[in-house]
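First up is the structure itself, then whatever we jot down about it.
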Amino acid sequence: MAKAKHPQSKTKQSPQKARQTPKKKERGIGLTIVLILIMIHSILTIFAYLRYTNNPQSSLTPWVVTSLFIIGVAKFVAAAALWMWERWGIYLFLACSLAMVAIGLVLTGSLYVAINEIIPVAILAWLMRDRMHDFN
């Protein structure tokens, strides 16, 4: 018996599985709207918090302005990553939201800041509850 010139792979797929196309990831209108609103929310929240840094005698101003800018950009990037179905976008979004809550509480001392950041996280979590398997 002659050996085959090309060794066969042990993980060869059946013809039926080879013909199947990958499942198209459907974002849906709700998730699309929420991701766009999160991108807008991240930018508007920066400007809202910057209002509290107008006091030139405050020792918080230099690091707060820098932190808000970096977190705002990171939150926008996280929303864009979620748009492209990247799992790391979820973790970055949560970290940015927690950082915004912390900075907002330091600046204002108001719990409305926490509510401002928790509501988008809660809405996004509710919309993505059945789509977690779609993320890379």
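From the residues in region 84-111 that are among the aromatic types (Phe, Trp, Tyr) and modelled with pLDDT of 85 or more, which one is nearest to Ile38 (Cα to Cα)?
Phe93
Hey, any hits in region 124-133 for a residue that's modelled with pLDDT of 85 or more and buried (at least 17 other Cβ atoms within 10 Å of the Cβ)?
Yes, the conditions are met somewhere in region 124-133.
Hey, any hits in region 53-69 for a residue that's at pLDDT 85 or above and in a helix (DSSP H, G or I)?
no
Among the residues that make up region 70-81, is at least one of them modelled with pLDDT of 75 or more, more than 18 Å from Met132 (Cβ to Cβ), over 14 Å from the mean Cα position of the chain (by Cα) and in a helix (DSSP H, G or I)?
Yes, that holds for at least one residue.
Let's see how each residue does on (1) modelled with pLDDT of 75 or more; (2) aliphatic (A, V, I, L, M); (3) exposed (fewer than 15 other Cβ atoms within 10 Å of the Cβ):
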residue: Gln13; (1), (2), (3): no, no, yes
residue: Gln20; (1), (2), (3): no, no, yes
residue: Gly30; (1), (2), (3): yes, no, yes
residue: Val34; (1), (2), (3): yes, yes, no
residue: Ser42; (1), (2), (3): yes, no, no
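The values are calculated or read from the model by the stated rules, or taken from the named source; none is laboratory data. Note that the structure is predicted; figures quoted are calculated from it, not measured. Here Cβ is always computed from backbone atoms with ideal geometry, including for glycine, and neighbour counts include all displayed protein chains.
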